[in-house]
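Colleague: Would you mind keeping the following structure in view while I ask a few things?
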Amino acid sequence: MSVRIENKGDVVTAYLEGELDHHNAKAIREDVDAALDRHSPGLLVLDFREITFMDSSGIGLVMGRYKKLQGTGAQIHITGTSPPIYKVMQIAGLSKLANIDKGGKTLEKTAE
Amino acid sequence: MKKLLNEFKLRMLSRSSNESFARVAAASFIAQLDPTIEELSDIKTAVSEAVTNCIVHAYKEELGTIYIWTRIFEGGTVEIKVRDYGCGIENIAKAMEPLYTTLGGERAGLGFAVMQSFMDKLTVTSAPSKGTCVTMSKKLSLRMGDNAKQG
């Protein structure tokens, strides 16, 4: 499991990779939070394209970042979710907290 | 219950690195039924949730043993029991409420909700300081017929 973080203008993008479970979530959270603290972005993009497995720990990751950014006016955008990952997110009603798109096309638009 | 066709039992320490091992073990075993990718993914996710609960709740303060017992029954029903001898659950109904968590912060409180919606049936028995047993089952579509029979 790894995460590559990119900062462009007002946008922090976290490219998540591998299996997102409780065991792996902590390291990702710490990396993403460090980038949020450093850049105070207006938009956080979580890119799930390279995630091969996710359980509710992934929901915790999104909800935790939502809470962290609350009050800053920053938005969360989730992209690249495969059907199984989207299914887990739907249980949590994450679409109320973040914009979710499955294809990942909006990402390029947002990041440029 | 229908005729038992196959089973495996697994005993492991409550280390978080075993979350991945447990769900992959269950998925590999169930592969003999030629499940769809969605069925396989559902079962992996449910096992991951059950095992994570043992690690973060049951054995929160200690390292304990988690027991997984997976059985395949005639007709393609898979039953998975995940058992621990940890702290147990005081109020099962409350613990199963979506978004309820005793851990706050980074846990969504959706473990049971995921198990419930990804499996056909979920039963939880628990007693404080005695431990918890989660039993979940799912009937697979058996696209290729009852493969496990021939093994």
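Colleague: Is it true that A:Leu16 is in contact with a Lys or Arg (Cβ under 9 Å, 6 or more places away or on another chain), more than 14 Å from chain B (Cβ to nearest Cβ), surrounded by 20 or more Cβ atoms within 10 Å (Cβ to Cβ) and under 18 Å from B:Ser20 (Cα atoms)? Lay out the reasoning, then the answer.
Modeller: Working: in contact with a Lys or Arg (Cβ under 9 Å, 6 or more places away or on another chain): yes; more than 14 Å from chain B (Cβ to nearest Cβ): yes; surrounded by 20 or more Cβ atoms within 10 Å (Cβ to Cβ): yes; under 18 Å from B:Ser20 (Cα atoms): yes.
Yes.
Residue-by-condition table, conditions (1) under 27 Å from B:Leu103 (Cβ atoms); (2) basic (Lys, Arg):
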{"site": "A:Arg4", "(1), (2)": "no, yes"}
{"site": "A:Asn7", "(1), (2)": "no, no"}
{"site": "A:Ala25", "(1), (2)": "yes, no"}
{"site": "A:Asp33", "(1), (2)": "yes, no"}
{"site": "A:Ile51", "(1), (2)": "yes, no"}
{"site": "A:Thr72", "(1), (2)": "yes, no"}
{"site": "A:Gln75", "(1), (2)": "yes, no"}
{"site": "A:Val88", "(1), (2)": "yes, no"}
{"site": "A:Ile91", "(1), (2)": "yes, no"}
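Colleague: Of (1) closer than 21 Å to B:Cys133 by Cβ; (2) more than 14 Å from chain A (Cβ to nearest Cβ), B:Gln32 satisfies all except one. Which?
Modeller: B:Gln32 satisfies every listed condition except (1).
Colleague: Looking at (1) away from every other protein chain (no Cβ under 14 Å); (2) open to solvent by 50 Å² or more (accessible area, probe 1.4 Å), which one does A:Thr52 not meet, given that it meets all the others?
Modeller: Going through the list (1) away from every other protein chain (no Cβ under 14 Å); (2) open to solvent by 50 Å² or more (accessible area, probe 1.4 Å), A:Thr52 breaks only (1).
Colleague: Conditions: (1) touching a residue at least 24 places away in the same chain (Cβ under 8 Å); (2) farther than 19 Å from B:Val114 by Cβ; (3) away from chain B (no Cβ under 11 Å). A:Asp37 meets all but one. Number of the miss?
Modeller: Just one mismatch for A:Asp37, condition (1).
Colleague: Test A:Ala98 against the criterion of being under 27 Å from B:Lys60 (Cα atoms), away from chain B (no Cβ under 12 Å) and surrounded by fewer than 22 Cβ atoms within 10 Å (Cβ to Cβ), and give yes or no. Show your work before the answer.
Modeller: Numbers: under 27 Å from B:Lys60 (Cα atoms): no; away from chain B (no Cβ under 12 Å): yes; surrounded by fewer than 22 Cβ atoms within 10 Å (Cβ to Cβ): yes.
Judged against the criteria, A:Ala98 is not a match.
Colleague: Quick one: count up the residues across segment B:36-46 that are within 9 Å of another protein chain (Cβ to nearest Cβ), of a type in the set (A, V, I, L, M, F, W, C) and free of Cβ contacts under 8 Å to residues at least 60 places away in the same chain. Quick ask: steps written out before the conclusion?
Modeller: First, pick out the residues of segment B:36-46 that are within 9 Å of another protein chain (Cβ to nearest Cβ): B:37-38, B:41-42, B:44-46.
Checking the rest, the ones that are also of a type in the set (A, V, I, L, M, F, W, C) come to B:37, B:46.
Checking which are free of Cβ contacts under 8 Å to residues at least 60 places away in the same chain leaves us with B:37.
Result for segment B:36-46: 1.
Colleague: Cβ-Cβ under 8 Å, sequence separation 6+ or interchain: first residue in segment B:64-76 and on the phi > 0 side of the Ramachandran plot and basic (Lys, Arg), partner assigned to a strand (DSSP E or B) and modelled with pLDDT of 95 or more. Which pairs?
Modeller: Hits for this filter: zero, empty list.
The values are calculated or read from the model by the stated rules, or taken from the named source; none is laboratory data. Since the structure is predicted, the reported quantities are computational estimates derived from the model, not experimental observations. A quick note on method: Cβ atoms are made from the backbone with ideal geometry, for glycine too, and the neighbour counts reach across all protein chains shown. Remember, those area values only see protein heavy atoms, side chains included, never the ligands or the DNA or RNA. Shrake-Rupley method; radii C 1.70, N 1.55, O 1.52, S 1.80 Å.
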